[in-house]
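Contents: one structure, followed by commentary.
Bear in mind these aren't lab numbers, they're just calculated from the coordinates by the rules spelled out. Quantities reported herein were computed from a predicted structural model and do not represent experimental measurements. So basically every Cβ, Gly included, is an ideal-geometry build from the backbone, and we count neighbours across all protein chains shown.
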Amino acid sequence: MKKHIYLIGYMGSGKTTIGKLLSERLNLPLLEMDEIISERFGMTISEIFDAFGEDAFRSAEEDLLLEISTLEEASVVSCGGGVVLSENNRKILRDSGIAVLLQADPVEIYNRLKSNNDRPLVSGNNKLEKISKIYEARLPLYIETAEVIIDTDNKTPEDILNELFLYVRMNNSLIQS
Ligand code: S3P
C-alpha cells in the first residue's frame, strides 16, 4: 500500500529542507534516513564510510528502508541520495509510497555542496567532476523510481512545496490536509 512520501534525489537537492516543510504542512512525522543511520552507528556518515566502508552503509540503508516501508503510520521520508542504487530499494520506494524526485542541475549541486564535508562520495579534489559522474549514472535510476519529478533549479522552497503539495493532495487520499 502506498502511504509514505519519499523524497529522493541527489545529495544537496533539498530533501532535508523540503522534508521539514512538507512534514509540518501535512502534519506527518519526518524520517531522515541518514540521521537515523548516523544515530544507530553513533557516527557521522563519513565516519561510517571510513570505518566500515560503503557496503556496510548501503546494507544499513536497505534494512532501514525496509523497516520504514512496513510502518503503519504515514511519514515523510527524506532518503539518502544513493538509496536508488539497490533494485530492491527502488521497488520498495515505488510500492510503499509516492517517490518524489527533487531534481537539480550538477553545477547547482556543486555550489550547494562545495563547503560541506560530510558527503564522502564527493569529498576532496575534483568535486564538480565527481558530482557530474555520479549524477549521470544515477539519473536513470531516479527517473525509473520517481512517481513525480520536481525541477528545483531557480525555485524557492515554497515554490517546490506548493508543486509537491498539489500533487500529493490530488493523488493520496490517505493524507488529510
Ligand atoms: C549519498 C548521499 C548522502 C548519504 C551518503 C551517500 C549518496 O545523503 O546517504 O553520503 O550516495 O548519494 P544525502 O543525499 O542526504 O546527502
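Here are some notes:
- Subset of the stretch 80-94 [touching a helix residue (DSSP H, G or I) at 6+ places or on another chain (Cβ under 8 Å) and either more than 11 Å from the ligand (Cβ to nearest atom) or under 13 Å from PHE57 (Cβ atoms) (or both)]: GLY80, GLY81, GLY82, VAL83, LEU85, SER86, ASN88, ASN89, ARG90, ILE92, LEU93, ARG94
- Leading residue by the ranking (farthest from the ligand (Cβ to nearest atom)) among those in the stretch 33-59 that are closer than 13 Å to PRO120 by Cα and in a loop (DSSP other than H, G, I, E, B): GLY53
- Per-region count, the stretch 95-129, residues part of a helix (DSSP H, G or I), within 14 Å of the ligand (Cβ to nearest atom) and within 19 Å of the chain's Cα centre (by Cα): 8
- Taking the numbered list (1) touching a residue at least 24 places away in the same chain (Cβ under 8 Å); (2) under 20 Å from GLY19 (Cβ atoms); (3) surrounded by 15 or more Cβ atoms within 10 Å (Cβ to Cβ) in turn, ASN171 passes all entries but (3).
- Leading residue by the ranking (nearest to ILE134 (Cα to Cα)) among those in the stretch 1-31 that are of a type in the set (Ser, Thr, Tyr) and surrounded by fewer than 22 Cβ atoms within 10 Å (Cβ to Cβ): THR16
- Taking the criterion of being free of Cβ contacts under 8 Å to residues at least 60 places away in the same chain and surrounded by 16 or more Cβ atoms within 10 Å (Cβ to Cβ), the residues of the stretch 133-147 that qualify are LEU141, GLU147.
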